[in-house]
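What follows is a short report on a single structure.
The values are calculated or read from the model by the stated rules, or taken from the named source; none is laboratory data. In this text, all values refer to a predicted model and were calculated from it rather than measured experimentally. Glycine also receives a Cβ, built like all others from the backbone with ideal geometry; neighbour counts cover every protein chain displayed.
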Amino acid sequence: MRIAVTGNPGVGKSTLVLQVVEGVPLSCGGMVTAEIRKCGRRVGFSVRDLATGEEGILAHLHLAAGPSFGRYRLNLRDLDAIGAQAIERAIEGAQLVVVDEVGPMELHSPRFIRAVERALEEAQNLLVTVHRASNHPLAYRIRHGTDRVVHLTPGNRDQAAAEVIRLLSAC
């Protein structure tokens with residue numbers, strides 16, 4: 001079962017992913033992202049390997065090098081070494097491959113793109129969050145080529161998490 005979750009920024013896609021990881025009776029691997037906040041302000045984003053717990057910086061206001069993305073600079077080294085590697089490892093050994101998220105920042109990494117494409121082809125089960133409006137061919141493929149697309153809203157968050165857990169638990 002390949003499930004894509006999409007929705008507006010801040011609607012709870014990453015929260016849903018973490019609820020699913022906690023709620024399914026499957027071994028999970030892959031990567032999750034989160035905001036880095038300081039004094040109540042977002043200063044960047046982290047990337048974490050679900051299996052190992054290794055964490056790095058995906059993007060930050062105060063990085064000196066890396067591609068610019070809005071106010072942030074991307075850390076492609078951590079995205080590749082932690083995020084893409086976590087996806088690759090999960091394809092080999094996890095019952096559920098998790099990718100949070102396929103968005104404009106992550107799509108700057110060729111290794112990340114290859115890892116997600118491979119997950120789409122090979123993963124037994126896949127849970128992927130995808131930017132709602134990206135025109136990138138991979139984002140389009142995810143939104144139109146998975147078994148189920150969940151359009152997350154503030155009104156359906158709790159129901160959606162329970163439904164995704166139910167679908168994946170049946171696999």
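Does any residue in the range 70-84 that is touching a residue at least 40 places away in the same chain (Cβ under 8 Å) and of a type in the set (Val, Ile, Thr) come within less than 8 Å, Cβ to Cβ, of a residue that is buried (at least 22 other Cβ atoms within 10 Å of the Cβ) and in a strand (DSSP E or B) six or more places away or on a different chain, and which pairs are these? Qualifying pairs under 8 Å: 82/31; 82/47.
When the range 124-151 is filtered for residues that are touching a helix residue (DSSP H, G or I) at 6+ places or on another chain (Cβ under 7 Å) and within 20 Å of residue 19 (Cα to Cα), the ones remaining, listed by number, are 125, 126, 127, 128, 129, 130, 131, 148, 149, 150. Would you call residue 40 out of contact with any Asp or Glu (no Cβ under 7 Å at 6 or more places or on another chain), free of Cβ contacts under 8 Å to residues at least 24 places away in the same chain and of a type in the set (Gly, Ala, Ser)? The answer is yes for residue 40. A Cβ distance below 8 Å, combined with a sequence gap of six or more or placement on separate chains, defines the contacts here; from the range 2-30, residues that are over 20 Å from residue 83 (Cα atoms) reach residues that are among the β-branched types (Val, Ile, Thr) and assigned to a helix (DSSP H, G or I) in the pairs 23/165; 24/165.
Scanning the range 46-71 for residues that are at pLDDT 95 or above and crowded, with 18+ Cβ neighbours inside 10 Å returns 46, 47, 48, 49, 50, 57, 58, 59, 60.
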